[in-house]
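See below for the structure under consideration.
The values are calculated or read from the model by the stated rules, or taken from the named source; none is laboratory data. All values derive from a computational prediction rather than experimental measurement. With ideal geometry, Cβ positions are generated from the backbone for all residues, glycine too; neighbour counts draw on all protein chains shown. Side chains included, ligands, DNA and RNA excluded: accessible areas come from the protein's heavy atoms. Shrake-Rupley method; radii C 1.70, N 1.55, O 1.52, S 1.80 Å.
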Amino acid sequence: MKENYDIVIIGGGPAGLAAAVSAYDNGAKNILILEREPRLGGILNQCIHNGFGLTRFKESLSGPEYAYRFIKEVEARDIDVLLNTTVLSLEDNKTITAINSEYGVFSITPKAVILSMGCRERSRGALNIPGSRPAGIYSAGTAQKYVNIKGYLPGKRVVILGSGDIGLIMARRMTLEGAKVLAVCEIMPYSSGLRRNIEQCLNDFNIPLYLNHTITKIEGTSRVTGVVVSKVDENKQPIEGTEMHFDCDTVLFSVGLIPENELTKGAGIEQSRNTRGAVVYQNRETMIDGIFACGNVLQVHDLVDFVSEESEIAGACAANYVLNGRQEHNPISCINGDNISYVLPQKIDKNIPGNVKLFFRVRNTFKHCKIVVESNGVVLQEKKKLICVPGEMETVILSSDVIAKAEGDIVVRLEC
Amino acid sequence: MNKQLTCIECPMGCLIEVEVENGAVKSVKGNTCLRGKMYAENEVICPLRVVTSTVKTVSGKMVSVKTDKPVRKSEIFEVMKKINSLTLDRNVVIGDVILANIDRDANLVATQNYND
Ligand code: SF4
């Protein structure tokens, strides 16, 4: 480890790796990645299924293969990496305090910081279910780690709550390893997982998907022995008399992901209530000069390909910050209007030249609709859509001419 | 006879309709690209899937693997049996063949470097 670094990247998963390579290739030469685990690659190491990289590499890679493409790039450059290193805190002056067994507790204050800590699984779904707290209840990601990294099967008869992609992937994975997956329950009328995963993970193995259903009771004292699943009404309330009983020894939760922002909060970085990540300009700089954020710590992406793309923006812009110093900002806000749950970036800095790609999600499923971007009641851009679903991130590209025309804040809304 | 399929080749998940006559594909509709057409043609005659899994090693660590070509869907559990009977006792790099011809001409290959 050197005395000083220009850029320190917190997290060596897909976001941190892409940011590091991009920062280096854009002229920053003094870069350090801090990674908590004993190897680079982050969550991709346990995502052994394929389907990664279709957008970026035009082939279907497994998670470890996708990660390795970037690890190779990092290794080919003069980029420092500290593994088994946990960051304890980040301050608004960019001082990072971290700990590992080699250096003990240490601090570094680089010129720029890139936050790429990724996300964690939402666990709240677990709290509202009556019953004791027996063994055999896992988040889907934890089960994935047990099976794919540690090599043991956490249970034999499984019920999965939530039909997010990790839940669907684990339904197949545990089936392949000899478990019986009895049901996947989804409280919403639609699955938040990709259609292809419903097809190849559930339908291929005749695993039933119960939409508008949730687990209303978990039974068992030392180990799960069964669950009760009920249908819910339009207010998500269980309907009496619809109870189904499943004998099972394992329950997996796959109820969504939230950005991992403890460090962000600690540094006093402004966060968005909508994304639960930092508020950023289009260059992925947070509201604190020289601190950037990218990947799932900023917004939970559908595909790792998009994480890489976003992280390359953050890396390049962090390099620019280090080489050219702070630039004056001239911001306008991007706001989510009707039927849109969030828009990222939340701020557009008019002093930064070039097009801006807006990322957003819709609140519901809409057919034959129109995305409208407007400012001060003036429509700047429109985009027709056959279908929009909450599970798929939408984008609109605003040209610099369009941005120049915006007089006030930019609002993105969906019209039906 | 018409069959409705969801293409699994990419995250778009196109809904494809295949017209089959006397066991042969007559037409494919709804696909956005050629991959989808090929997928649909296979799917109604002999469905194929890439299998991904892990192989244990003598050190106890797991190494992730995949079939380098899709295998017959009907043989997935046979393929899994073969995968789980293996114990890797050598180092491998991504792409190394761990078991040749695990189903027809599909090989089992490493998707992770393993270096004990
Ligand atoms: S048809 Fe092409 S675009 Fe549609 S899901 Fe299949 S591979 Fe993707």
| query | A plus B alone minus the pair: what accessible area, both sides summed, probe 1.4 Å, in Å² to 100? | reply | 2400 Å²
| task | Would you tally the net charge around A:Asn197, using a Cβ to Cβ cut-off of less than 14 Å, leaving A:Asn197 out, and scoring K and R as +1, D and E as -1? | result | -2
| message | Can you tell me the orientation of helix B:34-45 relative to chain B, as the angle in degrees between its alpha-carbon axis and the longest Cα principal axis, to the nearest 10? | response | 90 degrees
| query | Which distance in nm do the two modelled labels at A:Ser132 and B:Met38 give, with both placed 7 Å along the Cα-to-Cβ direction? | reply | 5.5 nm
| request: Give me the percent of the accessible area of chain A that comes from carbon and sulfur atoms, probe 1.4 Å, all protein chains in place. | output: 48 percent
| message | List the residues of region A:9-51 for which accessible area in the full set of protein chains is at least 40 Å² lower than for the chain on its own; 1.4 Å probe, protein heavy atoms only. | response | A:Ile48, A:Asn50
| Label-point gap, in nm, between A:Ile258 and A:His329 - each point 7 angstrom along Cα→Cβ | 2.5 nm
| If one puts a single equal scatterer on every Cα of chain B and applies the Debye formula without solvent, what log₁₀ I(q)/I(0) results at q = 0.10, 0.12, 0.15, 0.17 Å⁻¹? | -0.39, -0.53, -0.72, -0.83
| request: At a temperature of 37 °C and a viscosity of 0.692 mPa s, determine how fast region A:73-149 diffuses translationally according to Stokes-Einstein, using the Kirkwood radius over alpha-carbon pairs as Rh; express D in µm²/s, rounded to the nearest whole number. | output: 199 µm²/s
| Kirkwood hydrodynamic radius of the protein assembly as shown, from inverse mean 1/r over distinct Cα pairs, in Å | 24.8 Å
| said: What is the sum of charges, Lys and Arg at +1 and Asp and Glu at -1, for the other residues whose Cβ falls under 15 Å from the Cβ of A:Leu414? | reply: +2
| message | Cross-link candidates for A:Lys94: which lysines have Cα within less than 21 Å, leaving aside residues fewer than 8 places away along the same chain? | response | A:Lys2, A:Lys29, A:Lys111, A:Lys265
| request: Summarise the accessible area of region B:52-110 (1.4 Å probe, protein heavy atoms) by the percent that is carbon and sulfur. | output: 50 percent
| field | Rg over Rh, two decimals, region A:1-92 (C-alpha only, Kirkwood Rh) | value | 1.00
| note | Once the in-chain neighbours fewer than 8 apart are removed, the aspartates and glutamates whose Cα is under 20 Å from A:Lys385 read A:Asp302, A:Asp338, A:Glu374, A:Glu394, A:Glu415
| field | Which of A:Cys119, A:Cys388, A:Cys416 is most accessible, then next, and so on - probe 1.4 Å | value | A:Cys416, A:Cys119, A:Cys388
| field | Stokes-Einstein D for region A:257-416, Kirkwood Rh over Cα pairs, 4 °C, 1.567 mPa s (µm²/s) | value | 81 µm²/s
| query | Could you work out the helix-only [θ] at 222 nm for chain A, with each DSSP H run of four or more residues adding -39,500 (n - 2.57) and the total divided by the number of residues, to the nearest 500 deg cm²/dmol? | reply | -5500 deg cm²/dmol
| query | Over the C-alpha atoms of region A:148-199, what are the Rg and the largest Cα-to-Cα span, Dmax, in Å? | reply | 11.2, 35
| remark: Taking R0 as 51 Å and r as the Cβ-Cβ distance between A:Asn84 and A:Asn235, the FRET efficiency 1/(1 + (r/R0)^6), rounded to the nearest 0.05, comes to 0.60
| message | Counting only helical runs of four or more DSSP H residues, what would the 222 nm mean residue ellipticity of chain B come to if each run contributes -39,500 (n - 2.57) and the total is spread over all its residues? | response | -5500 deg cm²/dmol
| task | For A:Glu407 paired with A:Lys180, estimate the spin-label separation in nm (one decimal), with each label point 7 Å from Cα along the Cα-to-Cβ line. | result | 6.8 nm
| request: Express the accessible area of region B:52-110 per residue in Å², computed with a 1.4 Å probe while the remaining protein chains stay in the model. | output: 47 Å²
| task | Please check which bits of region B:88-116 a label hung off B:Lys61 would reach, taking the label as a point 7 Å along Cα-to-C-beta and the cut-off as backbone N under 20 Å. | result | B:88-99, B:109-116
| field | Per residue, the convex hull volume that the Cα atoms of region B:52-110 enclose (Å³) | value | 68 Å³
| said: Counting heavy atoms of the protein chains only and a 1.4 Å probe, report the per residue accessible area for chain A as a whole number of Å². | reply: 42 Å²
| Euclidean distance of C-alpha centroids, region A:251-301 and region A:1-67, integer Å | 17 Å
| Which residues of region B:39-73 bury at least 20 Å² of accessible area once all protein chains are present, versus their chain alone (1.4 Å probe)? | B:Arg49, B:Val50, B:Thr52, B:Ser53, B:Thr54, B:Met62, B:Ser64, B:Lys66, B:Lys73
| task | Kindly give the semi-axes, whole Å and largest first, of the ellipsoid equivalent to region A:329-416, taking each as the square root of 5 times a Cα gyration tensor eigenvalue. | result | 22, 12, 11
| Distance-filtered residues of region A:251-271 - backbone nitrogen under 18 Å, label point 7 angstrom along A:Thr95 Cα→Cβ | A:263-269
| said: For the pairs A:Lys231/A:Lys384; A:Lys357/B:Lys69; A:Lys370/B:Lys69; A:Lys347/A:Lys370; A:Lys217/B:Lys66, flag any whose C-alpha to C-alpha distance is greater than 29 Å. | reply: A:Lys231/A:Lys384; A:Lys357/B:Lys69; A:Lys370/B:Lys69; A:Lys217/B:Lys66
